[in-house]
1. Suppose we filter 280, 351 for residues that are surrounded by 17 or more Cβ atoms within 10 Å (Cβ to Cβ), on the phi < 0 side of the Ramachandran plot, assigned by TED's automatic domain parsing to the domain that holds residue 209 and not in a helix (DSSP H, G or I); which single one remains?
2. Restricting attention to region 279-311, which residues are in contact with a helix residue (DSSP H, G or I) (Cβ under 7 Å, 6 or more places away or on another chain), of a type outside the set (A, V, I, L, M) and free of Cβ contacts under 8 Å to residues at least 24 places away in the same chain?
3. Looking at (1) exposed (fewer than 15 other Cβ atoms within 10 Å of the Cβ); (2) farther than 18 Å from residue 11 by Cα; (3) modelled with pLDDT of 95 or more, which one does residue 199 not meet, given that it meets all the others?
4. Would you pick out the residues in region 112-162 that are without any contact (Cβ under 8 Å) to a residue 24 or more places away in the chain, of a type in the set (S, T, N, Q) and either in a helix (DSSP H, G or I) or more than 27 Å from residue 183 (Cβ to Cβ) (or both)?
5. Within region 58-76, how many residues turn out to be in a helix (DSSP H, G or I) and either within 14 Å of residue 103 (Cβ to Cβ) or among the acidic types (Asp, Glu) (or both)?
6. Go through region 163-222 and give me each residue that's part of a helix (DSSP H, G or I) and among the charged types (D, E, K, R).
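The values are calculated or read from the model by the stated rules, or taken from the named source; none is laboratory data. Nothing here was measured: the structure is a model prediction, and the numbers come from that model. With ideal geometry, Cβ positions are generated from the backbone for all residues, glycine too; neighbour counts draw on all protein chains shown.
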Amino acid sequence: MSPVGTSPYAGLEPIMWRSLLARAAVFHAVRASLARLTDVTDQMQAVQLVLLELDLLARNLSALDCDDATAVATVVRDWKQVIVETIAGKPAGPEERTLLLELQDRIQSANVEDPFKGLFESVQAQAGALYGPSWRPSRLSVAHTLSHPRNADLKIDPYAVTAVTHLPPNAQAAEVELRIFCDKFGPAAYAAVPMLLAHEFVCHVPARQDKVKNDSDFAEGFLDWAAHYFLDRWAGKIDPQLAPAARRHADRLKGVLERRPDAPEVHARAMGHLAADNLVAWLEGDLELSPEESEARVARLAVQLNVLDRPLDLKDRFVGFLSCADLPPQMQEALRSWVADSVKAEQLLEVDVR
């Protein structure tokens with residue numbers, strides 16, 4: 001807990017931190033209801049109103065000189081009263097009333113623990129186990145941005161948060177930074193945090209290639225496919241109560257990002273996902289592997305290639321071959337040998353395709 005006038009993150013002013021913490025503490029407390037909450041908000045006027053009140057309560061913390069515990073307790077107390085009064089006002093239908101009663105009950109578990117740190121540590125534990133000895137430890141930072149990361153309409157893109165990994169030269173540890181437009185940080189954005197962290201942990205933190213490119217079909221595309229694959233399997237271990245919302249908003253965030261044709265990473269993600277899907281289909285068809293085994297092998301291949309200290313251009317070249325409608329015969333033969341464990345993943349980067 002941060003004392004009065006301080007923040008645990010250098011990129012967040014104390015007042016902004018307490019406002020963000022109060023929102024996040026509420027969303028964490030009601031996380032088992034987030035999937036439904038974010039699905040029905042547009043159709044339920046009473047739910048919209050209580051969320052608007054939460055936003056106002058969090059903003060009003062700027063007038064209080066208090067510590068974290070007081071900030072959270074104040075918002076929780078006042079928001080619970082808002083919900084009680086809204087229920088007394090007889091919401092439009094039984095489904096809306098049921099959801100409000102759920103929120104009223106769940107909000108009582110809100111506490112002052114930093115939910116971002118908790119999610120960070122849980123996702124990192126899964127990624128660290130995946131990468132094993134190749135894992136690079138990392139630390140969390142949180143920063144406030146002055147606008148939506150994509151300058152978007154919240155009704156179309158409610159994800160007022162993004163993430164980036166900093167890898168100082170020759171550093172043994174990485175820094176994963178959540179960049180949050182705090183005044184518009186809502187329940188959908190909170191539910192998307194596990195996917196954002198999974199992307200950074202699977203794609204960038206343990207990466208060993210020679211450079212960083214946000215238009216790399218391998219680093220931003222093929223590995224992003226793997227990040228989605230692993231998040232889907234990790235979600236219940238990261239937080240069972242948040243898992244339904246985390247999975248749902250991972251998919252929705254992916255759809256939002258795909259609708260940005262001018263962003264350099266959009267084409268890279270499209271090509272990388274296509275390459276992964278093509279390889280899954282080839283494994284199913286050529287080698288008659290099950291869909292589950294095929295997907296698992298492709299995800300593991302992405303991880304194996306990511307920790308190879310080889311030029312990123314070679315990895316992009318490999319993904320380029322996979323994104324073709326027809327795999328070159330030389331690559332097909334190499335992949336058959338790889339599945340049979342007679343060829344290492346590294347050798348796939350060296351296949352001579354003429």
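1. Result of the check over 280, 351: 351.
2. Listed by number, the residues that qualify are 284, 291, 294.
3. Failed condition: (1).
4. Scanning region 112-162 gives no hits.
5. Of all residues in region 58-76, those in a helix (DSSP H, G or I) come to 58-63, 68-76.
Those still in the list that are either within 14 Å of residue 103 (Cβ to Cβ) or among the acidic types (Asp, Glu) (or both) too: 68, 75-76.
Count: 3.
6. Within region 163-222, 183, 184, 200, 217, 220 meet the criteria.
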